[in-house]
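Below is one structure, written out as structure tokens, with a few remarks after it.
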Amino acid sequence: MSKSVLLAWSGGVDSTAMIIQYLNKGYKVDALPVIMKNNVNKNIREKRARTALMKNYFKNYSVNLLISLTVAEFGSFGYLTLKQMPLWILGLVCALDSSHDEVAIGIVMNDDAVSCMEEIKALYYGYQGLVNIPL
């Protein structure tokens, strides 16, 4: 039986590369997009990318694009990366179930969020009380 990963997928290069890496390892991928209501142009670009990739590349692979999207809206973006990170992680935690062996989120190496990895992990584990399975 192959392993399964729940992966936050924007449609960008980093998360798409992660899907490809997991597929190459034989994983089944459940991909979860998170839509930010007040980031309309980015949402349109990312949806186009996800749709094209699902149709033209991932159609013959074990990639499931989760339909239930986490939709969030908050004030001005300011420093977007660290404001959207809790919402991405909350979406992953809420979509996670016992069929997933791993959970993944992609961050580009030159993204400032990389310097906050320990805080991101703490946030992920801090949400543990919201689910019925151990994280």
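The values are calculated or read from the model by the stated rules, or taken from the named source; none is laboratory data. Values in this document were obtained by computation on a predicted structure and should not be read as measured data. Here the Cβ positions follow ideal geometry from the backbone for every residue, glycine too, while neighbour counts run over all protein chains shown. Surface areas here come from the heavy atoms of the whole protein model, side chains and all, with no ligands, DNA or RNA. Shrake-Rupley method; radii C 1.70, N 1.55, O 1.52, S 1.80 Å.
Would you pick out the residues in region 24-44 that are touching a strand residue (DSSP E or B) at 6+ places or on another chain (Cβ under 8 Å) and in a helix (DSSP H, G or I)?
Initial filter on region 24-44 (touching a strand residue (DSSP E or B) at 6+ places or on another chain (Cβ under 8 Å)): 27-37, 42-43.
Selection gives LYS42, ASN43.
Please pick out the residue among TYR57, TYR22, TYR61 that is without any contact (Cβ under 8 Å) to a residue 24 or more places away in the chain, within 24 Å of GLU102 (Cα to Cα) and of a type in the set (Ser, Thr, Tyr). Break it down into steps so the answer makes sense when it comes.
Details: TYR22 fails: without any contact (Cβ under 8 Å) to a residue 24 or more places away in the chain; TYR61 fails: without any contact (Cβ under 8 Å) to a residue 24 or more places away in the chain.
Answer to the check: TYR57.
From GLY11, GLY75, GLY91, grab the single residue that is out of contact with any helix residue (DSSP H, G or I) (no Cβ under 8 Å at 6 or more places or on another chain), at pLDDT below 85 and open to solvent by less than 20 Å² (accessible area, probe 1.4 Å).
Answer to the selection: GLY91.
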Going through LYS28, LYS37 one at a time, which residue ends up being open to solvent by 50 Å² or more (accessible area, probe 1.4 Å), among the basic types (Lys, Arg) and modelled with pLDDT under 80? LYS37
Filtered residues of region 103-120 (kept if closer than 17 Å to ASP14 by Cα, modelled with pLDDT of 65 or more and exposed (fewer than 12 other Cβ atoms within 10 Å of the Cβ)): SER115, MET117
For region 61-71, give me the residue count where each residue is at pLDDT 85 or above and open to solvent by 100 Å² or more (accessible area, probe 1.4 Å). 1
